[in-house]
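I have placed the structure first, in the form of C-alpha cells, so that the comments after it can refer back to it.
The values are calculated or read from the model by the stated rules, or taken from the named source; none is laboratory data. Being a predicted model, the structure only gives us computed values, none of them experimental. Note that we place each Cβ from the backbone using ideal geometry, even for glycine, and neighbour counts take in every protein chain shown. Accessible surface areas use protein heavy atoms only, side chains included; no ligands, DNA or RNA. Shrake-Rupley method; radii C 1.70, N 1.55, O 1.52, S 1.80 Å.
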Amino acid sequence: MAAGAKVLCMGNAIVDIIARVDDDFLAKHDREKGAMLLVDAEKSASIYGDMPPAVERSGGSAGNTAAGIASFGGNAGYIGKVHDDQLGTVFRHDIQAVGVDFKTAASKTGAPTATSMILVTPDAQRTMNTFLGACTEISEDDVAEADVAAADILYVEGYLWDTPPMKAAVLKAMDLAIKHGTRVALTLSDSFCVDRFRDEFRDLVENKVDILFANEAEILSLYQVDSFDDAVVRLKEHVRIAALTRSEKGSLLMSTDQSVAVEAFPAVVEDTTGAGDLYAAGVLFGLANGHGLEMSGKLGSLAASEVISHLGARSEVRLKDLAAEKLGL
C-alpha cells in the first residue's frame, strides 16, 4: 500500500464501454447529451448492439477517483459491488493493479456486473447510459467499521442514492465516519441526480458532509439559483470545504475562512469522461496529505487536464510523475 493518509472511496463499480458517435446516434436512441441516464438491461443491450467499435475499461465515478489517488502515490481504498463474472473479474483486476485496496466480496447470485455505455460526440461531450446491475446489491454488510475508522477521508458518489439498499450502505458509512472522526466527502455526481434527490442532498450537506464536490450545474441545481455567486453564498453556510469546478473557467475551492480560484490546466479535449472524478482525486490526495486549498486545487486541475486529453476515465500516465514535473511535488 502506498504511503500517506488513506482515502476510502465508495461508489458504483462499473465497466465502461466507450465509443465515438455523432449527434444522430444520440437522437436515434433518444439520449440527452451530457447526461448520465439509468437504463435497464434491454435498453443497454439495444444501445450496445448499435454502437460502433468500442473500448472496454473499468470505470465508475468513485473507482476512477480511487485509481487517480493511487496514481498520485496516495493510499486509496474502494467499496463497490461487482458480480462473480468476467466483467467483475476485469474490474477487480484493474483497480487492484493500480494499487487500490478493494476487498468488497463479489455477489454470487443476481444481476451481472454493471456497465455504462459512454457515447462520446465530436464536441467531446460524453453521454452515459448506465445499467447498474450488481451495484444495486451493495448493502450495509459491505461497509466494515474498521475500514472507515482507518481512513482519513470517506468519499462517496451521489449516484449511490438511487436505490434504498445503496442509500442505507452510504448512511452507515457516513455515520461510522462521523463516529470515528473520519472526514466525509460527497460528490453531487450529476445535475440530474441532484434534481432527483435535492432535499436529501441538502440534508447531507448540512448535517454530515465536511468536503463537497460539485460542478457549476450541480451546485446551481442544489440551491435552485441562477447565479454561481448566489450558490456559493448559500453553500458556505454549511460545509467546511467545497471544491466547485467550472470547466474551462477552472475551479473554486473554499473553506470557512478562505476562497481560492484555480485556473484550468490547458489541454486538447478528446473526451470529458472522468474529468470530475480525476479532479476529485487530485484534491482529495492533496487534502489527505496536508496540502492547502490552492495546491490541492492545482493537483485536481492537473489530473483533470490529463484525463480529458484521451479516451477513457483513468489516467494514462503516472500522476505522481506529472505532479513532480508540473508542480514541483
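Roughly how many Å is it from the Cα centre of the stretch 301-324 to that of the stretch 1-47, as a whole number? Each part reduced to its Cα centre gives a spacing of 19 Å.
Rounded to a whole number of µm²/s, how large is the Stokes-Einstein D of the stretch 106-225 at 4 °C and 1.567 mPa s, given Rh as the Kirkwood radius over C-alpha pairs? Numbers along the way, then the final one.
Numbers: Rh = 15.6 Å.
Rounded to a whole number, D works out at 83 µm²/s.
So what is the relative contact order for the chain, in percent, with contacts set as C-alpha pairs under 8 Å and at least six apart? Spell out each step's value before the answer.
On the way: 746 pairs, mean separation 60.8, N = 329.
Relative contact order, the chain: 18 percent.
Here Phe25 sits with roughly 20 square angstrom of accessible surface, probe radius 1.4 Å. Summary of packing: across the peptides 90-97, 257-264, the per-residue average of other C-beta atoms within 10 Å ranks them, highest first, as 90-97, 257-264.
May I ask you to work out the translational diffusion coefficient for the stretch 77-122 at 4 °C, viscosity 1.567 mPa s, via Stokes-Einstein with Rh from the Kirkwood sum over Cα pairs, reported in whole µm²/s? Reported coefficient: 111 µm²/s.
For the cross-link pairs Lys179/Lys236; Lys172/Lys326; Lys108/Lys320; Lys179/Lys298; Lys172/Lys298; Lys33/Lys236, which exceed 29 Å when the distance is taken from alpha carbon to alpha carbon? Before the final figure, lay out each step's value.
Details: Lys179/Lys236 24 Å; Lys172/Lys326 39 Å; Lys108/Lys320 37 Å; Lys179/Lys298 31 Å; Lys172/Lys298 32 Å; Lys33/Lys236 31 Å.
The pairs that break the limit, which is 29 Å between Cα atoms, are Lys172/Lys326; Lys108/Lys320; Lys179/Lys298; Lys172/Lys298; Lys33/Lys236.
Think of the stretch 3-158 as a dipole: +1 on every Lys or Arg Cβ, -1 on every Asp or Glu Cβ, centred on the Cα centre; then among Ala62, Ile79, His93, His93 lies furthest on the positive end.
Treating each Cα of the chain as one equal point scatterer and applying the Debye formula with no solvent, the log10 of I(q)/I(0) at q = 0.11, 0.12, 0.15, 0.16 Å⁻¹ comes out as -0.63, -0.76, -1.26, -1.47.
Each residue was assigned an accessible area with a 1.4 Å probe, and for Asp321 the value is about 80 Å². Between the stretch 150-191 and the stretch 73-149, how far is it from one alpha carbon centroid to the other, in angstrom? Answer, in whole Å: 15. The charge dipole of the stretch 1-97, taken about the Cα centre with unit charges on the Cβ atoms of Lys, Arg (+1) and Asp, Glu (-1), comes to about 480 debye, rounded to the nearest 20.
Under a Cβ-only charge scheme (Lys and Arg +1, Asp and Glu -1), can you give me the dipole magnitude of the stretch 241-292 about the Cα centre, in debye to the nearest 20? Walk me through the numbers on the way to the answer.
On the way: 2 positive and 6 negative charges, 32 e Å.
Computed about the Cα centre, the dipole is about 160 debye.
Calculate for the chain the 222 nm mean residue ellipticity that helices alone would give, adding -39,500 (n - 2.57) per DSSP H run of length 4 or more and normalising by residue count, nearest 500 deg cm²/dmol.
Details: 12 runs with 134 residues, N = 329.
Calculated mean residue ellipticity at 222 nm is -12500 deg cm²/dmol.
For the stretch 215-329, a simple Cβ point-charge model (Lys and Arg +1, Asp and Glu -1, everything else neutral) yields a dipole of about 360 debye relative to the Cα centre. Our compactness index for the stretch 1-160, the C-alpha radius of gyration over the empirical 2.2 N^0.38 Å, is 1.07.
Annotation for the stretch 3-107: GluC sites (Glu not before Pro) lying in DSSP loop with at most 15 further Cβ atoms inside 10 Å of their Cβ are Glu32.
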